[in-house]
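All remarks here apply to the structure that follows.
The values are calculated or read from the model by the stated rules, or taken from the named source; none is laboratory data. Everything numeric here is computed off the predicted structure, so don't read it as measured data. Methodologically, a virtual Cβ is constructed for each residue, glycine included, from the backbone with ideal geometry; neighbour enumeration extends over all protein chains shown. The area values use the complete protein model at the heavy-atom level, side chains included, leaving out ligands, DNA and RNA. Shrake-Rupley method; radii C 1.70, N 1.55, O 1.52, S 1.80 Å.
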Amino acid sequence: MTFPPRAPSTAGAVPGPRGPVRTRFETDDPDLAHQYLVETLDHDLRVDTLDGGSLCHQRATGGRFVVDDLRLPFELSFSAESPGPLIVQLWAGHAERTLGSDHAQLAPGDVLVHAGAGQRFAARSSMALLRSVTFDPALLAEVAGGDPRFTGYRPVSAVAAGRWQRMVAYLVDDVLGEDAQGDDRVDEPASPLVLSNAARLLAATALSTFPSTTAHGTTGADRHDAYPPTLRRAIAYLEDNAARDISLADVANASRVTVRAVQLAFRRHLDTTPLAYLRRVRLDHAHRELRSAAPGEDTVTAVAARWGFFNAGRFTGYYREAFGVLPSQTLQNQD
């Protein structure tokens, strides 16, 4: 199992606010493979003779998260410190990780929280094919409030593990676009709002996939604070900031209560969630833009992306449910 390789110029850095980038490195030259691993891992690295194919590393960067696909046709061992939450899926071969007193062995199909932010671990892999995901640790607080932490390393269920794998595949294949050549950016990069939403979706899915402190129930103080003034403050904040990159933690701070109190207020008084309410506000803005768009000067995809909808099919579904027509019909038949 490996820590996500990173270019020498960014070694040790937490994923930052860069736009989507796809890169690829592949070699069957043993010397180049060893040099690449030394430059990208460079922590107590030990690797045997390249055997069984070429070293291949593909990276998809989404600003605040990084997904690395690795083919490692050899025995590899090293140690490192993770800059952010690191989750690994093993597709083939064998891998193991030691983190403090916890030692985990992975078989093909396994998913594991490999390390948390700032945690040092040791890893070994043999003829491994794997995918690793690391992301900005601040995302966990943004989606859950407080200081959420993983309390276990294995998924809570096989269903949860499958959901995690599908979600990551979707982000890599659809949100970040098709493979680029070399260091080129994707042809139509996702907007900053789309990437921010995708990053928070990643963190939220991680918290629901693995045991964490977010499993604790709502407190009495949360129930007391989930009253109409809290809801009014939250709604005002959402409507005033719909065009901005905002998180559930931002809404809670503006409402002067906890994340759970905000969630409970929306559920209790509107039978919805804060993020579903925000989605409807953004749909309204998209609807107005489509109605006022000049013919031939805008597209449904562009309008959807500006308002944070990174899946065209889902945007169309949400839009039709809200307004009874397809977004393309609104664009073609402006008042």
> Helix-derived [θ] at 222 nm for the chain: sum -39500 (n - 2.57) over DSSP H runs of at least 4, divide by residue count, nearest 500?
Replying inline: -12000 deg cm²/dmol
> Taking a probe of 1.4 angstrom, what is the accessible area of GLU142 in Å², to the nearest 10?
Replying inline: 40
> Roughly how many percent of the accessible protein surface of the chain is carbon and sulfur, given a 1.4 Å probe and a whole-percent answer?
Replying inline: 50
> Between LEU32 and VAL325, what is the label-to-label distance in nm when each label sits 7 Å out along the Cα-to-Cβ direction?
Replying inline: 5.6
> Which angle from 0 to 90°, rounded to the nearest 10, does the C-alpha axis of helix 228-240 make with the longest principal axis of the chain?
Replying inline: 70
> Using +1 on the beta carbon of Lys and Arg, -1 on that of Asp and Glu, and nothing else charged, what's the dipole of the stretch 185-317 about the Cα centre, debye to 20?
Replying inline: 420
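Roughly speaking, what is the stretch gain from ARG24 to SER126, that is 0.36 nm per residue apart minus the C-alpha to C-alpha distance, in nm to one decimal?
Working: separation 102, 0.36 × 102 = 36.72 nm, distance 2.12 nm.
That works out to 34.6 nm of additional length.
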> Using a 1.4 angstrom probe with every protein chain in place, what is the largest-first accessible-area order of TRP164, TRP307, TRP91?
Replying inline: TRP91, TRP307, TRP164
> Could you give the distance between the Cα centres of the stretch 61-95 and the stretch 246-264, to the whole Å?
Replying inline: 34
> Got a number for the accessible area of ARG22? Probe 1.4 Å, square angstrom, nearest 10.
Replying inline: 20
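If you roll a 1.4 Å probe over the heavy atoms of the protein chains, what accessible area per residue do you get for the chain, in Å²? Write out the running numbers ahead of the final one.
Details: 15710 Å² over 335 residues.
For the chain, the solvent-accessible area averages 47 Å² per residue.
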> Once phi is turned into θ = phi - 60°, what whole-Hz ³J(HN,Hα) does the Karplus curve with 6.51, -1.76 and 1.60 give for every residue of the stretch 301-315, x standing for Gly and Pro?
Replying inline: 4, 5, 5, 4, 5, 4, 9, x, 9, 9, 10, 4, x, 5, 4
> How much length is gained if the chain between HIS103 and ALA302 is pulled fully straight, taking 0.36 nm per residue apart and subtracting their Cα-Cα distance, in nm to one decimal?
Replying inline: 66.9 nm
>> Using a 1.4 Å probe on the protein heavy atoms only, what accessible surface does TYR237 show? Give it in Å² to the nearest 10.
In response: 50
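Calculate, in nm to one decimal, what ARG166 and ARG314 gain on full extension: separation in residues at 0.36 nm each, minus their alpha carbon distance. Don't jump to the answer; show the numbers that get you there.
Details: separation 148, 0.36 × 148 = 53.28 nm, distance 1.59 nm.
Going from the current span to full extension adds 51.7 nm.
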> Using heavy-atom solvent-accessible surface (probe 1.4 Å) with all chains present, what is the largest-first order of ASP69, ASP29?
Replying inline: ASP29, ASP69
>> Tell me the label only: which of (1) 0.94; (2) 1.02; (3) 0.96 is Rg/Rh (Cα atoms, Kirkwood Rh) as calculated from this structure?
In response: (2)
> Okay, which of the stretch 78-95 sit inside 15 Å, backbone N to the point 7 Å along the Cα-Cβ direction of ASP147?
Replying inline: none
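Please get the size of the charge dipole for the chain, origin at its Cα centre, with Cβ charges of +1 on Lys and Arg and -1 on Asp and Glu, quoted in debye to the nearest 20.
Using only the charged Cβ atoms, the result is roughly 1620 debye.
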